[in-house]
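The structure under discussion appears below in the form of structure tokens.
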Amino acid sequence: MSGARGGARAGGAVATRLASLTNPRAGLRQQVSASLAIAAALAAVLWVLYKAFGEGLGSSGNAPQFIVVCLNGLSLAGLYFITASGFTLIFGLMRVVNMAHGSFYLLGAYVGLGFVEDGVPWLVAVVLAGLVVGAVGLVIQQVFLRWNQGQELRQALITIGLSIILGDQMVAHFDPTPQTIPPPSGLTGSVSLGLYGIDYPSFRLFVIGGAALIGLLLWLLIQRTRFGIVVRAGVDNGAMASALGVNVQLVFAAAFFLGSALAGLAGVFGGTVLSVAPGQDDKFLLSSLIVVIIGGMGSLAGAALGALALGLVEQLASVYLPEGYTNYSILLTFILLIVVLAVRPTGIFGRPE
Amino acid sequence: MIRYRGAWTVGTRVVLVLVLLAVALVPAFFSTYFTGAVALKVLWLGLAAASLTFLSGQGGMVSLAQTALFGVGGYITARLMVFEAMSPWLAALIGVGAATAAGLVVGSIASGSRVIYFLMITLAFAVVAYLFFSQVSTFGGHTGINGVFAPAPLDNPTLKPTAVYYVCLACCVVAYLLLRYVGRTPFGLALQAVRDEPARANALGFDVRLHRTLAFALAAAIAGVAGVLATWQTTRISPGTIDVTRTIELLVVAVIGGLYRLEGAWLGAFVYVLLDTYLRGLSGRFETWIGIAFVAIVLLSPGGLAGLLARIDEEVRRPERKRRRRRRRRRAPRLGSALRRTG
């Protein structure tokens, strides 16, 4: 993150812009793909709305189903957001792509499960799991990543190796059969929404609220506190912040701790809603990747938007794809990725390299 | 004659011929089990890893999509052979063509992104391909496709592996020579320019994305061939062949061998398959050891085993090297002249 590197980056951006000016096809291609993407998105929204409200708003139509599917999508988006916010925080500050993020998620789930089984209240267990995973992340950052700052590919490869080790050790030390964490007392049942007489699991609503709260707290932390100012200074120009007397290494360590802790928290939430099992680590690493690629690496708002898009598309596609094509819903996730990248190669809120 | 960097010296040629001879004699001197289960796997795994090594070495693109493209080749071939009763050779051709086409599509999307984004986009594609093949019933769902028997002399790889072995070996040699050759064509040199200085190459009039996309499609074709060979050797293909574990396994093979040297792909495959075959039984936590070895190589020798060997080789031949370097300095810079030739 030296000044020279920043200069090189700006030079690259200028050259790219210059190329798009001198090469009219590039600009045209961008516009055509943007219009096509917007048209495709509109068509998809209209199709879903037609299927949902085509038979009117009465409870005999498909409106109740639509509401439940949307809520499922939102709660899934909440899980994705909590996981991906840690991932994007670490990347935004340190340019480290932490490929062990999924392993941190699963580790948090197992630690949380262990605490809850030992009789610790759920809300305490979630905090403890976050702290434990944060500490693990901090150790990994100090031992493996601190000294090769800036070597992006090497760091990504190191974290891939660590995720192999962590994944195997978790299979060895924890029960590999799928389990679920019991939700906190008071959130075990369903609540009535007061709409069409729908009962919805209260813990899933709690996940939506929890994700919104975590997002708000993170936003306040980054926008309104001294720590946030220092973090943003470090993102913009690490060398300058360092020269102004900011202990950048301390900020990096704190951010890595926080990012890992968020993965651990998400693990406990996810282990309660879905399940705790080997394989969930890869699933949530993938969802974090897709969320930040869509939203733009290093952006909190991007993570929120990407999580919403991914969660809603996944849930809506599994219900509203035409008969016989529901098996293909997984491809839609990839198509979403393609469409966003075709229009904005660095993601919706991403800054050009 | 112009000597390119990396052209073979007489010593290297002798070593390569000896290695090839030794590899060719494996079926004659080793047991059927070793030839069928170990040596054959080294060949096709090395071929798949070579497609990744080519991309990362020549194009600076570390791709995690190679396993998925390998799967596209294998799956399409298996489906055409088993469900449509198509001729195996035609099916293999279509399978490799499908892998190349998939490579073109993925490459054209991912080519706009630099190293880290590229890694993530290709990983996303790999996982989506895995989920697609495991969910769609036309490809056999979770069980995959069984009973994929290659044409007559190759149809019994467990008991009579010799014929399959030589076909695999021929594919590997051709792919190795082809990828080496491509690296020295104007296209290959422009690809290196795009790898090192994308903005400058762009300013000189090279279409950066086009070069990356075409290289990706070429690597996809190689991965597709590896997929067909692997499917013929195991006579089946299932989603387990292309899941995230396999994706990471291929990366491990390429990194152990060395991400920047084509020979490293087979070297890495050799070491990995040996460990996998003979050490997995000794330790219950094989994956942990592989992970530790992987991290150790990334930390200590980023060039992998091939890089280590090259360093030793350089030490041995130092006097000769110095002489050549002095001679080289008098000529124009290599990359510049290459760019002029292509431009």
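The values are calculated or read from the model by the stated rules, or taken from the named source; none is laboratory data. Small disclaimer: the values here were computed from a predicted structure and weren't measured. Cβ coordinates were reconstructed from backbone atoms using ideal geometry, including for glycine residues, and neighbour counts include every protein chain displayed.
Look through region A:68-101, keep the residues that are of a type in the set (Ser, Thr, Tyr) and within 9 Å of the chain's Cα centre (by Cα), and return whichever of them is farthest from the other protein chains (Cβ to nearest Cβ).
Of all residues in region A:68-101, those of a type in the set (Ser, Thr, Tyr) come to A:75, A:80, A:83, A:85, A:88.
Then keep just the ones that are within 9 Å of the chain's Cα centre (by Cα); that gives A:80, A:83, A:85, A:88.
On the way: A:Tyr80: 14, A:Thr83: 15, A:Ser85: 16, A:Thr88: 12 Å.
In this case the residue turns out to be A:Ser85.
Across region B:280-299, what is the total count of residues that are within 14 Å of chain A (Cβ to nearest Cβ) and either part of a loop (DSSP other than H, G, I, E, B) or closer than 25 Å to B:Val173 by Cβ (or both)? Spell out how you get there, then give the answer.
Filtering region B:280-299 for residues within 14 Å of chain A (Cβ to nearest Cβ) gives B:280, B:283-299.
With the extra rule that they be either part of a loop (DSSP other than H, G, I, E, B) or closer than 25 Å to B:Val173 by Cβ (or both), the set shrinks to B:280, B:283-285.
Adding up the residues that qualify gives 4.
Filter region B:246-282 for residues that are surrounded by 17 or more Cβ atoms within 10 Å (Cβ to Cβ) and among the small types (Gly, Ala, Ser) and give the result.
Answer for region B:246-282, where residues must be surrounded by 17 or more Cβ atoms within 10 Å (Cβ to Cβ) and among the small types (Gly, Ala, Ser): B:Ala254, B:Gly257, B:Gly258, B:Gly264, B:Ala265, B:Gly268, B:Ala269.
What residue, of B:Ala230, B:Ala201, B:Ala215, is touching a Leu at 6+ places or on another chain (Cβ under 6 Å) and part of a helix (DSSP H, G or I)?
Residue meeting the stated conditions: B:Ala215.
Is one or more of the residues making up region B:237-245 under 19 Å from the mean Cα position of the chain (by Cα), part of a helix (DSSP H, G or I), surrounded by fewer than 24 Cβ atoms within 10 Å (Cβ to Cβ) and within 12 Å of chain A (Cβ to nearest Cβ)?
Yes; the residues of region B:237-245 include at least one that is under 19 Å from the mean Cα position of the chain (by Cα), part of a helix (DSSP H, G or I), surrounded by fewer than 24 Cβ atoms within 10 Å (Cβ to Cβ) and within 12 Å of chain A (Cβ to nearest Cβ).
Can you tell me how many residues within region A:309-353 are touching a residue at least 40 places away in the same chain (Cβ under 8 Å), within 10 Å of chain B (Cβ to nearest Cβ) and either among the polar types (S, T, N, Q) or in contact with a strand residue (DSSP E or B) (Cβ under 9 Å, 6 or more places away or on another chain) (or both)?
2
Conditions: (1) surrounded by fewer than 23 Cβ atoms within 10 Å (Cβ to Cβ); (2) more than 9 Å from every other protein chain (Cβ to nearest Cβ); (3) assigned to a loop (DSSP other than H, G, I, E, B). B:Ala150 meets all but one. Number of the miss?
(1)
Within region A:72-121, which residues are within 21 Å of B:Val295 (Cα to Cα), among the aliphatic types (A, V, I, L, M) and part of a helix (DSSP H, G or I)?
Scanning region A:72-121 gives A:Ile90, A:Met94, A:Leu106, A:Leu107.
Filter region A:272-323 for residues that are under 16 Å from A:Trp47 (Cα atoms) and not charged (D, E, K, R) and give the result. It would help to see each step written out before you state the result.
Here is the first cut: in region A:272-323, the residues under 16 Å from A:Trp47 (Cα atoms) are A:312-323.
Within region A:272-323, A:Leu312, A:Val313, A:Gln315, A:Leu316, A:Ala317, A:Ser318, A:Val319, A:Tyr320, A:Leu321, A:Pro322 meet the criteria.
Restricting to region A:114-169, and then to whatever is of a type in the set (D, E, K, R) and more than 14 Å from every other protein chain (Cβ to nearest Cβ), can you tell me which residue is farthest from B:Ile121 (Cα to Cα)?
At the first step, the residues of region A:114-169 found to be of a type in the set (D, E, K, R) are A:117-118, A:146, A:152, A:154, A:168.
Now drop any that are not more than 14 Å from every other protein chain (Cβ to nearest Cβ), which leaves A:117-118.
Details: A:Glu117: 38, A:Asp118: 40 Å.
Across region A:114-169, the extreme among qualifying residues is A:Asp118.
Would you check if B:Tyr181 is surrounded by fewer than 19 Cβ atoms within 10 Å (Cβ to Cβ) and within 20 Å of B:Ile222 (Cα to Cα)? Spell out how you get there, then give the answer.
Working: surrounded by fewer than 19 Cβ atoms within 10 Å (Cβ to Cβ): yes; within 20 Å of B:Ile222 (Cα to Cα): yes.
Answer is yes for this residue.
Between B:Gly97, B:Gly103, which is closer than 27 Å to A:Thr159 by Cβ and either away from every other protein chain (no Cβ under 13 Å) or in contact with an Asp or Glu (Cβ under 6 Å, 6 or more places away or on another chain) (or both)? Show your work before the answer.
On the way: B:Gly97 fails: closer than 27 Å to A:Thr159 by Cβ.
Exactly one of B:Gly97, B:Gly103 is closer than 27 Å to A:Thr159 by Cβ and either away from every other protein chain (no Cβ under 13 Å) or in contact with an Asp or Glu (Cβ under 6 Å, 6 or more places away or on another chain) (or both), namely B:Gly103.
Restricting attention to region B:209-228, which residues are over 12 Å from B:Trp44 (Cβ atoms) and among the aliphatic types (A, V, I, L, M)? Spell out the reasoning first.
The first filter runs over region B:209-228 and keeps only residues over 12 Å from B:Trp44 (Cβ atoms), leaving B:209-221.
Passing the criteria: B:Leu210, B:Leu214, B:Ala215, B:Ala217, B:Leu218, B:Ala219, B:Ala220, B:Ala221.
Any residue in region B:303-317 that is in contact (Cβ under 8 Å) with a residue 24 or more places away in the chain sitting within a Cβ distance under 7 Å of a residue that is among the β-branched types (Val, Ile, Thr)? List the pairs, counting only those 6 or more apart or interchain.
Filtered contacts from region B:303-317: B:Gly304/B:Val255; B:Gly304/B:Ile256; B:Gly304/B:Ile297; B:Leu305/B:Ile256; B:Leu305/B:Val271.
Looking for whichever is loosely packed, with under 14 Cβ neighbours inside 10 Å and farther than 19 Å from A:Val69 by Cβ here; the options are A:Leu221, A:Leu195, A:Leu217, A:Leu187. Which one fits?
A:Leu217
Mind telling me which of the residues A:Pro345, A:Pro322 ends up being modelled with pLDDT under 80 and under 28 Å from A:Leu93 (Cα atoms)?
Numbers: A:Pro322 fails: under 28 Å from A:Leu93 (Cα atoms).
Answer to the selection: A:Pro345.
Before we move on, is A:Ala277 away from chain B (no Cβ under 14 Å), of a type in the set (A, V, I, L, M), free of Cβ contacts under 8 Å to residues at least 40 places away in the same chain and more than 15 Å from A:Ala211 (Cα to Cα)?
Working: away from chain B (no Cβ under 14 Å): yes; of a type in the set (A, V, I, L, M): yes; free of Cβ contacts under 8 Å to residues at least 40 places away in the same chain: no; more than 15 Å from A:Ala211 (Cα to Cα): yes.
The answer is no for A:Ala277.
If I ask for residues that are facing chain A (nearest Cβ under 7 Å) and touching an Asp or Glu at 6+ places or on another chain (Cβ under 8 Å), which ones from region B:115-131 would you list?
If the condition is that a residue be facing chain A (nearest Cβ under 7 Å) and touching an Asp or Glu at 6+ places or on another chain (Cβ under 8 Å), then B:Val115, B:Ile116, B:Val127 are the ones that fit.
When B:Val173 is evaluated against the numbered criteria (1) away from every other protein chain (no Cβ under 14 Å); (2) touching a Ser or Thr at 6+ places or on another chain (Cβ under 9 Å), which criterion, by number, is the only one it fails?
(2)
Taking only pairs six or more apart or across chains, which ones have beta-carbon atoms under 9 Å, a first residue in region B:124-153 that is under 18 Å from B:Thr235 (Cα atoms) and in contact (Cβ under 8 Å) with a residue 60 or more places away in the chain, and a second residue that is surrounded by fewer than 21 Cβ atoms within 10 Å (Cβ to Cβ) and acidic (Asp, Glu)?
B:Phe149/B:Asp155
In region A:158-167, what residues are closer than 20 Å to B:Met61 by Cα and touching a residue at least 24 places away in the same chain (Cβ under 8 Å)?
The initial filter retains those residues of region A:158-167 that are closer than 20 Å to B:Met61 by Cα, namely A:158-161.
A:Thr159, A:Ile160, listed by residue number.
Quick one: how many residues across region A:53-71 are in contact (Cβ under 8 Å) with a residue 24 or more places away in the chain and part of a helix (DSSP H, G or I)?
First, pick out the residues of region A:53-71 that are in contact (Cβ under 8 Å) with a residue 24 or more places away in the chain: A:59, A:63-65, A:67-71.
If we keep only those that are part of a helix (DSSP H, G or I) too, we end up with A:63-65, A:67-71.
Total meeting the criteria: 8.
Out of the residues in region B:189-198 that are in a helix (DSSP H, G or I) and not hydrophobic (A, V, I, L, M, F, W, C), state the one that is farthest from the other protein chains (Cβ to nearest Cβ). First the steps, then the outcome.
Here is the first cut: in region B:189-198, the residues in a helix (DSSP H, G or I) are B:189-196, B:198.
Now narrow it down to the ones that are not hydrophobic (A, V, I, L, M, F, W, C): B:192, B:195-196, B:198.
Numbers: B:Gln192: 17, B:Arg195: 12, B:Asp196: 13, B:Pro198: 7 Å.
Per the criteria, the residue is B:Gln192.
Looking at region A:171-188, can you tell me whether even one residue there is aliphatic (A, V, I, L, M) and assigned to a helix (DSSP H, G or I)?
Within region A:171-188, one or more residues are aliphatic (A, V, I, L, M) and assigned to a helix (DSSP H, G or I).
Looking for whichever is over 22 Å from the mean Cα position of the chain (by Cα), modelled with pLDDT under 95 and crowded, with 17+ Cβ neighbours inside 10 Å here; the options are A:Trp122, A:Trp147. Which one fits? Step through it out loud before you land on a result.
Details: A:Trp147 fails: crowded, with 17+ Cβ neighbours inside 10 Å.
So the residue among A:Trp122, A:Trp147 that is over 22 Å from the mean Cα position of the chain (by Cα), modelled with pLDDT under 95 and crowded, with 17+ Cβ neighbours inside 10 Å is A:Trp122.
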